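Everything on this sheet refers to the single structure shown next.
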Amino acid sequence: MKHQYRYHPLLSALIAAGLCGMSGMALATGVTAPTTSSSISVGEVSSTTGALNTLAHLPTKKQVFNSTQSVKVINKRQMATAGPAGGAAQALAVAPGINVATDGPSGAPRSSISINGMKTGWGNIAGNANDGTVMVTFDGVPMVDPAYGVWQGSELPQMSMIRGITATYGPGYPLNRWYNNIGGSINFSPLQPTRKTGASIGMYYGSFDSKGIHFNIRTGQHDGWSGIIAGGVGSSGNYLNGYGFNNPGNNYAYYGKVRKSFRGGHISFGGYVSRSVAYRPLP
């Protein structure tokens with residue numbers, strides 16, 4: 001059966017107008033609709049830095065970079081620029097912002113050390129004694145006399161047993177403060193016991209009749225126990241002399257440490273002894 005559908009002209013006109021209206025509304029909606037941008041991944045972001053412990057270990061470059069304090073680490077290679085006869089004063093002289101005035105070229109003569117103007121120690125060239133406003137530690141243990149607040153560079157005449165020095169400009173983190181950290185702090189980090197057995201010995205001879213010998217012996221780890229013993233002796237003349245007398249000096253220092261490692265930590269026992277003697281040159 002055949003059906004035929006016929007549309008009234010008026011009805012056709014109304015339908016056409018409605019379609020145009022719907023099309024226009026859709027077009028308007030497309031223009032005013034808010035656009036959404038795709039997200040961009042920037043990776044993992046962390047804001048946790050934490051306090052840098054400069055007493056327990058020698059900080060790495062990354063740790064110093066992430067620190068909020070001004071910290072300078074003097075490594076073994078930089079210390080070598082002071083020469084094998086040099087002591088604490090000569091080694092610290094390579095750090096920016098640390099001024100050193102000493103009476104001689106070796107570790108035996110006294111010296112004055114300042115960090116950005118804050119001083120400790122005393123020296124004939126530098127002037128009077130300075131109240132301790134810089135804290136000095138050896139393996140995290142204070143070396144400054146709390147009664148006088150003064151440290152002397154000749155207390156550390158042998159740098160052969162030191163693996164690095166950490167200098168903090170200013171008081172630093174509370175974690176590392178003792179009682180004289182107003183101007184800054186200096187921690188001398190000595191050689192540590194190692195897992196493997198080893199030993200080294202060295203000697204030198206140079207200008208101003210400088211000569212000396214140094215060594216270190218490492219036991220390696222056995223049943224959780226490990227130890228190290230190190231030391232050195234040295235002597236030198238002085239670049240300040242007169243009447244045929246070169247104001248000589250001599251020194252020695254020895255250090256030992258035993259560590260017991262166990263699950264969750266370790267315990268250490270150590271000792272250090274030194275002696276420095278030097279003639280004080282005339283101004």
- Query: Of the residues that sit in the stretch 174-184 and are touching a strand residue (DSSP E or B) at 6+ places or on another chain (Cβ under 9 Å) and either surrounded by fewer than 15 Cβ atoms within 10 Å (Cβ to Cβ) or β-branched (Val, Ile, Thr) (or both), which one is modelled with the highest pLDDT?
  - Reply: Ile182
- Counting only residues in the stretch 70-82 that are surrounded by fewer than 17 Cβ atoms within 10 Å (Cβ to Cβ) and not basic (Lys, Arg), the one farthest from Gly206 (Cα to Cα) is identified as Ser70
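Return the only residue of Pro157, Pro193, Pro171 being surrounded by fewer than 19 Cβ atoms within 10 Å (Cβ to Cβ), under 25 Å from the mean Cα position of the chain (by Cα), part of a loop (DSSP other than H, G, I, E, B) and in contact (Cβ under 8 Å) with a residue 12 or more places away in the chain. Walk me through it before giving the result.
Numbers: Pro157 fails: surrounded by fewer than 19 Cβ atoms within 10 Å (Cβ to Cβ); Pro193 fails: surrounded by fewer than 19 Cβ atoms within 10 Å (Cβ to Cβ).
Unique residue meeting the criteria: Pro171.
Report, by residue number, each residue of the stretch 64-87 that is of a type in the set (A, V, I, L, M), within 14 Å of Thr168 (Cα to Cα), in contact (Cβ under 8 Å) with a residue 60 or more places away in the chain and out of contact with any Pro (no Cβ under 6 Å at 6 or more places or on another chain).
Within the stretch 64-87, the subset of a type in the set (A, V, I, L, M) is 64, 71, 73-74, 79-80, 82, 85.
Now drop any that are not within 14 Å of Thr168 (Cα to Cα), which leaves 64, 71, 73-74.
Narrowing the set further to residues that are in contact (Cβ under 8 Å) with a residue 60 or more places away in the chain leaves 71, 73-74.
Across the stretch 64-87, the qualifying residues are Val71, Ile74.
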- Within the stretch 115-151, residues in a loop (DSSP other than H, G, I, E, B) and modelled with pLDDT of 90 or more come out as Asp139, Gly140, Met143
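Which of the residues belonging to the stretch 133-154 are small (Gly, Ala, Ser) and surrounded by 24 or more Cβ atoms within 10 Å (Cβ to Cβ)? Before you say what the answer is, go through the steps one by one.
Restricting attention to the stretch 133-154, the residues satisfying the condition of being small (Gly, Ala, Ser) are 140, 147, 149, 153-154.
Answer for the stretch 133-154, where residues must be small (Gly, Ala, Ser) and surrounded by 24 or more Cβ atoms within 10 Å (Cβ to Cβ): Gly153, Ser154.
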- Note on the structure: In the stretch 196-225, anything closer than 17 Å to Lys76 by Cβ and either in contact with a His (Cβ under 8 Å, 6 or more places away or on another chain) or in a loop (DSSP other than H, G, I, E, B) (or both) is listed as Ile201, Gly202
- Query: Going through the stretch 234-252 one residue at a time, which ones are touching a residue at least 60 places away in the same chain (Cβ under 8 Å) and either in a strand (DSSP E or B) or of a type in the set (Phe, Trp, Tyr) (or both)?
  - Reply: Gly234, Ser235, Ser236, Tyr239, Gly249, Asn250, Asn251, Tyr252
- Item | Answer residue from the stretch 101-114, given it is crowded, with 21+ Cβ neighbours inside 10 Å and of a type outside the set (Ser, Thr, Tyr) and is modelled with the lowest pLDDT among those | Asp103
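The values are calculated or read from the model by the stated rules, or taken from the named source; none is laboratory data. From a predicted model like this one, the values you see are computed outputs, not experimental measurements. Here the Cβ is made from the backbone with ideal geometry for all residues, glycine too, and neighbour counts use every protein chain on show.
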